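The values are calculated or read from the model by the stated rules, or taken from the named source; none is laboratory data. Nothing here was measured: the structure is a model prediction, and the numbers come from that model. Methodologically, a virtual Cβ is constructed for each residue, glycine included, from the backbone with ideal geometry; neighbour enumeration extends over all protein chains shown. Ligands, DNA and RNA are excluded from the accessible area calculation, which covers all protein heavy atoms including side chains. Shrake-Rupley method; radii C 1.70, N 1.55, O 1.52, S 1.80 Å.
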Number of protein chains: 2
Amino acid sequence: MSKIKILIVEDEPVIAENISLYLDNNDFEVSGIAYDSEDAMQQLKENTPDAVLLDINLESDTDGIDIARYIQEHYQLPFIFLTSYSDRITLERAKQVKPSGYIVKPFNERTLLASLEIAISNHAEEANHALPKLVMEKVNRQLHSPLSEREFELSQMIYEGKTNTQIAETLFITVNTVKTHLKSIYLKLDAGTRIEVIRKLQQAMLR
Amino acid sequence: MSKIKILIVEDEPVIAENISLYLDNNDFEVSGIAYDSEDAMQQLKENTPDAVLLDINLESDTDGIDIARYIQEHYQLPFIFLTSYSDRITLERAKQVKPSGYIVKPFNERTLLASLEIAISNHAEEANHALPKLVMEKVNRQLHSPLSEREFELSQMIYEGKTNTQIAETLFITVNTVKTHLKSIYLKLDAGTRIEVIRKLQQAMLR
DNA sequence: GGTAAAACCACCCATACGGGTGAGCAAAGC
DNA sequence: GCTTTGCTCACCCGTATGGGTGGTTTTACC
């Protein structure tokens with residue numbers, strides 16, 4: 001499982017590069033930087049990002065809000081607006097497209113990360129491919145030995161309250177195999193019961 | 001188990017009454033309204049509130065922050081500051097006494113409730129008597145048949161990941177009795193396993 | 001005085017769960 | 001070619017869990 005891919009839509013190269021650098025050093029991966037709406041649409045198609053960071057004011061271009069509408073119609077992706085405090089009027093218009101979050105410039109790096117995470121968590125609709133990735137990144141970063149993809153898949157089903165038999169059925173494996181995976185998970189998460197697994201996953205998300 | 005008792009410290013009667021009315025219609029109960037620090041200290045002793053809503057600027061009085069310090073020293077209660085956006089300077093001082101939360105005037109009713117709940121949840125230290133009450137209020141309001149106090153107590157221990165045997169030991173009852181209570185809980189919460197109980201409690205807290 | 005709810009306990013039984021051990025197979029890396 | 005890692009499966013065993021049924025006692029309310 002790869003990291004969460006973010007598309008940055010920002011016409012100010014300095015800002016874009018800064019964000020890009022910082023995100024790459026954390027749970028995220030920058031799938032690309034778009035400087036105008038045409039760029040953005042192209043990259044949405046080619047790079048299949050998991051979320052979009054979107055500057056509301058693109059000097060050289062039509063409104064960033066138009067791009068947001070485009071994303072809403074053609075993709076089901078969470079998008080976060082970059083905006084400045086002074087820009088109250090566009091903010092009102094921005095609210096109408098219901099972004100997953102706002103980040104107000106100037107922002108520090110902690111704010112950026114936190115806002116992204118919250119936005120992705122809030123965007124908990126049907127096709128939120130980013131959320132599991134986010135959880136896995138955060139969990140594994142806190143483990144000596146990281147969970148494999150399969151193990152993480154099992155963990156999620158544990159989290160959802162599934163029984164071993166149910167897990168076995170949906171994954172088309174035997175209960176014995178489920179148990180074997182569980183043992184590995186318990187070992188890595190330092191847990192003894194499925195409830196402890198749930199607690200650990202929750203704790204990981206809070207950090 | 002009674003509702004969460006809130007002491008309001010606010011010298012503007014209109015505001016105080018408004019808050020009072022609104023809280024009484026929800027998960028909270030107003031234990032009293034204090035108009036100055038003397039009032040406040042008196043009521044803290046007599047009414048044993050679970051949390052305090054505290055206006056920073058009491059015109060007629062010494063600083064509301066002093067009252068906060070008093071609460072910290074003599075009681076272990078979460079307190080939430082009422083403040084206005086314009087009042088940045090006192091806010092800086094207010095941060096130093098580490099309140100459980102702020103509410104910025106003007107606020108709407110939803111904000112008030114949400115802030116109170118968050119504040120009480122955050123104040124999750126040693127002697128937070130309010131948190132369980134809050135959860136129970138919220139859970140029971142969503143049930144056809146409410147949980148008894150004992151059942152809620154059991155639910156909490158389930159939530160903490162305790163096994164039936166552990167619960168039996170800490171409550172000085174037999175495992176058989178624990179199971180009997182659990183059956184009632186499962187019935188009322190419409191759950192089949194302890195993990196479902198955890199999910200239901202979590203869901204209830206999000207509403 | 002009767003009724004209902006709450007808290008307590010017991011017994012039975014089937015299934016689920018967690019721990020221990022061992023093992024086959026394929027892909028990736030050295 | 002060998003090793004490691006990940007995924008798969010099997011068997012055993014003891015304890016935990018959930019469901020069913022029935023019982024006593026105390027408290028509160030009508």
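Descriptive notes on the structure:
- Checklist (1) assigned to a helix (DSSP H, G or I); (2) loosely packed, with under 15 Cβ neighbours inside 10 Å; (3) within 12 Å of DNA strand C (Cβ to nearest atom) applied to residue B:154, failing item: (2)
- Taking (1) more than 13 Å from every other protein chain (Cβ to nearest Cβ); (2) open to solvent by less than 40 Å² (accessible area, probe 1.4 Å); (3) within 27 Å of residue A:3 (Cβ to Cβ); (4) touching a residue at least 24 places away in the same chain (Cβ under 8 Å) in turn, residue A:171 satisfies each apart from (4).
- Residues that are open to solvent by 30 Å² or more (accessible area, probe 1.4 Å) and within 14 Å of chain A (Cβ to nearest Cβ), drawn from the stretch B:188-204: B:190, B:192, B:193, B:194, B:196, B:199, B:200, B:202, B:203
- Flag for residue B:185 being more than 14 Å from chain A (Cβ to nearest Cβ) and without any contact (Cβ under 8 Å) to a residue 24 or more places away in the chain: no
- Residue B:165 vs. criteria assigned to a helix (DSSP H, G or I), within 12 Å of DNA strand D (Cβ to nearest atom), loosely packed, with under 12 Cβ neighbours inside 10 Å and not small (Gly, Ala, Ser): yes
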